[in-house]
Amino acid sequence: MTDVAPDDLNDPNRPIRPALIRGWRGRCPNCGTGPLLSGYLKVRDACPVCGQDLRHHRADDGPAYLTILIVGHLMAPVIHVVYTQYRPDPLVMATVLSVGCVGLSLYLLPRLKGAIIGFQWAKRMHGFGEARNA
């Protein structure tokens, strides 16, 4: 994968795939080097490397919805197979699968938030298309 040059305000098309990958990795969708998040889910106001204003994002409930959707679709077949094939004690099964669901959710949530912010940046949504003051 090759990196795309930082944002050119004269070009209306920003590549979506690099922006999604950079967001997934927790990097600025513009330059790909600066950190996107300052905490677990707290988005920085601006990229410390390129100065891209990140305050415009509107991820809202999107990352949580996608996390629930993905974890549910991955864990439902696992629950079915484990229950029908192995018949473990219900408490053991609930404990192990609950830990798996929580772990997968904690892994996916910040990555999906970054990807959504990258998508919004690539599509110039919610103020990401305006000239920046950096």
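The values are calculated or read from the model by the stated rules, or taken from the named source; none is laboratory data. From a predicted model like this one, the values you see are computed outputs, not experimental measurements. Cβ coordinates were reconstructed from backbone atoms using ideal geometry, including for glycine residues, and neighbour counts include every protein chain displayed.
Checking the conditions here, which among 123, 113 is within 30 Å of residue 47 (Cβ to Cβ), buried (at least 16 other Cβ atoms within 10 Å of the Cβ) and touching a residue at least 40 places away in the same chain (Cβ under 8 Å)?
Of 123, 113, the one residue that is within 30 Å of residue 47 (Cβ to Cβ), buried (at least 16 other Cβ atoms within 10 Å of the Cβ) and touching a residue at least 40 places away in the same chain (Cβ under 8 Å) is 113.
For (1) out of contact with any Asp or Glu (no Cβ under 6 Å at 6 or more places or on another chain); (2) of a type in the set (Ser, Thr, Tyr); (3) assigned to a loop (DSSP other than H, G, I, E, B); (4) modelled with pLDDT under 95, each residue gets a yes or a no:
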site	(1), (2), (3), (4)
14	yes, no, yes, yes
19	yes, no, no, no
23	yes, no, no, no
40	yes, yes, yes, no
51	yes, no, yes, yes
55	no, no, yes, yes
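Among the residues of the range 40-68, which ones are of a type in the set (D, E, K, R) and surrounded by 14 or more Cβ atoms within 10 Å (Cβ to Cβ)?
44, 53
Would you tally the residues in the range 69-108 being over 25 Å from the mean Cα position of the chain (by Cα) and either in a helix (DSSP H, G or I) or loosely packed, with under 11 Cβ neighbours inside 10 Å (or both)?
So the answer is 17.
Conditions (1) farther than 25 Å from residue 106 by Cβ; (2) in contact with a His (Cβ under 6 Å, 6 or more places away or on another chain); (3) free of Cβ contacts under 8 Å to residues at least 12 places away in the same chain, marked per residue:
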position	(1), (2), (3)
27	no, no, no
61	no, no, yes
74	no, no, no
82	no, no, no
85	yes, no, yes
